[in-house]
Amino acid sequence: MNPHLEKLQPYPFEKLRQLFAQVSASPSHKAISLGMGEPKHPTPAFIQQALIDNIDGLANYPTTIGSDALRGAIAGWLERRYGLPALNPATQVLPVNGSREALFALAQTVIDPAAKSLVVCPNPFYQIYEGAAYLAGAEPYFVNSDPARNFGCDYDSIPASVWERVSLLFLCSPGNPTGAVLTLTDWENLFALSERYNFIIAADECYSEIFHGEQAPLGALEAAHTLGLSTVEKPYARLVVFSSLSKRSNVPGMRSGFVAGDADVLKKFLLYRTYHGGAMSPSVQAASIAAWNDETHVEQNREKYRAKFNAITPLLQEVLTVELPDAGFYLWADVSRTGLSDTEFAQRLYAEYNVTVLPGSYLARDAHGANPGRNRIRMALVAETEEGLEAARRIVQFCKSLLNK
């Protein structure tokens, strides 16, 4: 067996299952889950129809590089969304079966297992980053988020001796679970570090289209272009971005996303994926083209999230320390006011009100003397508004019962 498998921790939802095994859910309340970040808004009918209309694609082996039409649609979306100069769909874009498998696979491509490399990860974080690092033969190095910095990571705190060993830096903007978006200054600093220490930046941008203000989140490729760092000779050097239709278009089961950026990295990644078997079904490719070419359904989806967050956040602010995030569909709440830890809060809320939330400590690791998820909970506002409001009312009632004791 691969000895690195022993380093993997249980997934957060397995930890949650074990936590809930000790209690029974309240039989007086219908179950409501805010635990998993699985979009619940309906899949647009035109995407479903595109999949049906192209079902004959199941009779064909797909190519790993995907169709010209799909790569062209993705490139066109990137250019429109981020104001980028024309991308080369043949070399700078690669379709993938959702961003999750691609984030994991990239580490296997770019890390030399004999080099004893480090992989920089935000903390809290999407657990795939950690697993990708370990199974590529590297070690994760966690950088804690700081509420005083809008949950940004203090990359300046990393010593040169660490940067010298870094092969890959994972980041998520908008962040999971915090919703924080990197600024242009943040990107400028990271690009300078990448150039100085020659590591690759893997930017996970799967929440980019769910934002709550008027300004769309800044993307990594957009930042590189704005800063003049993407030259003709070396476009988007050492930078790859990941995105997906799952959240944008409410099709998590379709497993459709892309990787874009540095053509040299993507060339090696394509070689890896050719052996790995990461090819997208022609039927899914056709439906994906339809999704990437339409913005109306994305705008409608965004408005549903805005209305939901604007209704639910003020209710929860009565009893928890929580703010409207920059983007994404999570609320990242501090439960310290209740006198309970994050795990105690989640367990008792489930037992007394049948509402599931995810303890923040399950999404983070102890690093530099702290677990930045401790005493926080993540709430995924993915269901329709009324269900989310009912969950919020129960949470308020639960918290008030604690505070009145």
Problem set entry | Inter-probe distance in nm under a simple model that places probes 7 Å from Cα toward Cβ, at Glu139 and Met36 | 3.4 nm
Seminar exercise, completed: Whole-Å distance linking the alpha carbon centroid of the stretch 329-357 with that of the stretch 155-182 is 28 Å
For this session: Would you list, by chain and number, the lysines whose Cα falls below 18 Å from the Cα of Lys30, excluding same-chain residues fewer than 8 positions away?
Result: Lys40
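Of all the accessible heavy-atom surface of the chain, with the other protein chains kept in place and a 1.4 Å probe, what percent is carbon and sulfur? Kindly include the intermediate steps, with their values, before the conclusion.
Working: 8800 of 16980 Å².
So the carbon and sulfur contribution to the accessible surface is 52 percent.
Before I look further, what does the stretch 131-231 give for accessible area per residue, probe 1.4 Å, in whole square angstrom? Let's see the in-between values first.
Values: 3770 Å² over 101 residues.
Ligands and nucleic acids excluded, the figure is 37 Å² per residue.
Cα-Cα pairs above 18 Å in the stretch 151-263: how many percent? Show your work: numbers first, answer last.
Values: 3287 of 6328 pairs.
Tail fraction, whole percent: 52.
Around Ser157, what is the net charge, scoring Lys/Arg as +1 and Asp/Glu as -1 over all other residues with Cβ under 13 Å from its Cβ?
Details: positive: Arg149; negative: Asp146, Asp154, Asp156.
Neighbour charge sum, excluding Ser157 itself: -2.
Taking every DSSP beta bridge that has both residues in the stretch 86-156, what percent is antiparallel when rounded to the nearest 5?
Details: 2 of 8 bridges.
In the stretch 86-156, approximately 25 percent of DSSP beta bridges are antiparallel ones.
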Seminar exercise, completed: CD proxy, 222 nm, the chain: helix-only mean residue ellipticity via -39,500 (n - 2.57) per DSSP H run with n ≥ 4, per residue, nearest 500, stands at -12000 deg cm²/dmol
Exercise. Can you give the relative contact order of the stretch 287-349 as a percent, counting alpha carbon pairs under 8 Å and 6+ residues apart?
Worked result: 19 percent
For this session: Starting from the Cα gyration tensor of the stretch 213-293, take the square roots of the eigenvalues, sort them a ≥ b ≥ c, and report rounded, prolate or oblate (rounded when a/c is under 1.5, otherwise prolate if a/b is larger than b/c, else oblate).
Result: oblate
Exercise. Classify the stretch 1-127: rounded, prolate or oblate, from the alpha-carbon gyration tensor (a ≥ b ≥ c, eigenvalue square roots; a/c under 1.5 rounded; otherwise prolate if a/b is larger than b/c)?
Worked result: oblate
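Within the stretch 133-224, report the GluC sites (Glu not before Pro) that DSSP leaves as loop and that have at most 14 other Cβ atoms within 10 Å.
On the way: sites: Glu164, Glu188, Glu195, Glu205, Glu209, Glu214, Glu222; in loops: Glu164, Glu205, Glu209, Glu214.
Counting only loop positions with at most 14 other Cβ atoms within 10 Å, the GluC sites (Glu not before Pro) in the stretch 133-224 are Glu164, Glu214.
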For this session: Report, to the nearest 10°, how far helix 296-317 tilts away from the longest principal axis of the Cα atoms in the chain, using its own Cα long axis and a range of 0 to 90°.
Result: 30 degrees
Problem set entry | Alpha-carbon centroids, the stretch 259-280 and the stretch 73-143: separation in whole Å | 11 Å
Problem set entry | Globularity index of the stretch 103-205, i.e. its alpha-carbon radius of gyration over 2.2 N^0.38 Å | 0.99
For this session: Please list, or write none, the lysines whose alpha carbon is within less than 25 Å of the alpha carbon of Lys116, excluding same-chain residues fewer than 8 places away.
Result: Lys7, Lys267, Lys268
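By how many nm would the segment from Ala367 to Ile55 lengthen if fully extended, with 0.36 nm per residue of separation less the alpha-carbon distance?
Working: separation 312, 0.36 × 312 = 112.32 nm, distance 4.83 nm.
Contour length minus Cα-Cα distance gives 107.5 nm.
With a/c under 1.5 counting as rounded, go ahead and sort the stretch 317-405 into rounded, prolate or oblate using the C-alpha gyration tensor (a ≥ b ≥ c being the square roots of the eigenvalues; past the cut-off, prolate if a/b is larger than b/c, else oblate). Numbers along the way, then the final one.
Details: a/c = 1.74, a/b = 1.20, b/c = 1.44.
Verdict is oblate for the stretch 317-405.
The values are calculated or read from the model by the stated rules, or taken from the named source; none is laboratory data. Model, not experiment: these values are computed from the prediction. Virtual Cβ from ideal backbone geometry, glycine too; neighbours counted across all protein chains shown. Quick note on the areas: whole protein, heavy atoms, side chains included, nothing else; ligands and nucleic acids left out. Shrake-Rupley method; radii C 1.70, N 1.55, O 1.52, S 1.80 Å.
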